[in-house]
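Down below is the structure, laid out as structure tokens.
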Amino acid sequence: MRCGPLTEGRSWLSIRLCRVQPRHRTECSAGYNAVLPTLDHTCALRFEAVTQSFPKPSGEAHTALEGVNLDAAAGTFLSVVGPSGCGKSTLLNIAAGLLQPTSGAVSVFGQRLDGVNRRASYMFQQDALLPWKTVRENVALGLTFRGQSAAESNQLAGEWVRRVGLQGFGDSYPAQLSGGMRKRAAMAQSWIVDPDIVLMDEPFAALDVHTRLRMENEILDLWTGSGKTVLFITHDLEEAIGLSDEVAVLSVGPASRIIARHKVDLPRPRNLIDIRTESGFQELYKTIWSGLRQEVLRSYEQD
Ligand SMILES: Nc1ncnc2c1ncn2[C@@H]1O[C@H](COP(=O)(O)OP(=O)(O)OP(=O)(O)O)[C@@H](O)[C@H]1O
Ligand SMILES: [Mg+2]
């Protein structure tokens, strides 16, 4: 992937991790289906030769990721798929700056990442709602952390509660919500602070298929026109294709690396309910799955 010139954008903030930064957009032309590190600095997020090892109880090192090259142009939706345990969450933790890679580098809008990625928000697989706070208070958390006044935070949180379809539930507690509603609250929590980059780790994996489809549509609604860069982790190749501009495939671990990148040039806006039956979608699915399938089979052999 090669990144194009910067254009002007707004200022964004992001929950837990972020502070105010000037925001830039970029366009990205792609050299897909190949892993090519890029030299331009206009990408929102770039991994260069990133290797991550962890110590095993035996004292040996376990290499989760090895030599990962990946970049996401600003404003694009990039999904990463790969077999279980291949290092997807590790990749996201590195992007969030929660993990310092053993070697290699990550850059964020051309700046080397050193510490927490303050231009990103992180939506975890299990939502991080505080059970003793109401939905509105949970949604407002990021604003509170950055010192916004209680009145302003409360008002904006109320708007986001409505925006994600939770009107009437602002004063409810997380335990009083369904799984899908909690995901909505978590989504509002991570988007209210207006991050440049949204990191999402299998956010809808625990939902039933219909709720999941609704949530996928809602994430597209939020993202469309926002200019935000999304790095989305999923096991579900259909979900990845439906949402994304590009799907990257991680090989089975240990020492996982990006083995393919596929441009998804299906037109937008997308109707996720019907898109799976379209021939372009099915062709792409077959192409990506032919590579992913081998990695999944190799992961079975390891079990
Ligand atoms: N903090 C850690 N210490 C030691 N090993 C770790 C640590 N974090 C991850 N690993 C190992 O790194 C590998 C990749 O883990 P990771 O959680 O990134 O995989 P994943 O692709 O997200 O898996 P899943 O699809 O099941 O969510 C695994 O073998 C895991 O055991
Ligand atoms: Mg994971």
Query raised in the report: From the list L231, L213, L199, which one is outside any loop (DSSP other than H, G, I, E, B) and away from ligand 1 (no atom under 16 Å from the Cβ)?
Result: L213
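Listed here are the residues, each with its yes/no results for (1) of a type in the set (S, T, N, Q); (2) closer than 17 Å to L166 by Cα; (3) modelled with pLDDT of 95 or more.
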site	(1), (2), (3)
G97	no, no, yes
Q100	yes, no, yes
V116	no, no, no
M123	no, no, no
W132	no, no, yes
L143	no, no, no
G147	no, no, no
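Yes/no matrix, rows are residues, columns are (1) more than 16 Å from ligand 2 (Cβ to nearest atom); (2) touching a Cys at 6+ places or on another chain (Cβ under 9 Å); (3) over 24 Å from R146 (Cα atoms):
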position: V68; (1), (2), (3): no, no, yes
position: A73; (1), (2), (3): yes, yes, yes
position: V80; (1), (2), (3): no, no, yes
position: P83; (1), (2), (3): no, no, yes
position: L92; (1), (2), (3): no, no, no
position: A95; (1), (2), (3): no, no, no
position: L99; (1), (2), (3): no, no, no
position: S103; (1), (2), (3): yes, no, yes
position: G115; (1), (2), (3): yes, no, no
Query - Tally, over segment 114-127, of residues that are away from ligand 1 (no atom under 16 Å from the Cβ) and either exposed (fewer than 15 other Cβ atoms within 10 Å of the Cβ) or not polar (S, T, N, Q) (or both) - result: 6
Query raised in the report: Can you tell me which of A151, A188 is at pLDDT below 95, more than 16 Å from ligand 2 (Cβ to nearest atom) and out of contact with any helix residue (DSSP H, G or I) (no Cβ under 9 Å at 6 or more places or on another chain)?
Result: A151
Requested in this report: Among what's in segment 49-61 and is modelled with pLDDT of 95 or more and surrounded by fewer than 19 Cβ atoms within 10 Å (Cβ to Cβ), pick the residue that is farthest from ligand 1 (Cβ to nearest atom).
Outcome: A49
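The values are calculated or read from the model by the stated rules, or taken from the named source; none is laboratory data. Small disclaimer: the values here were computed from a predicted structure and weren't measured. Heads up, the Cβs are rebuilt from the backbone with ideal geometry, glycines too, and the neighbour counts pull from every protein chain shown.
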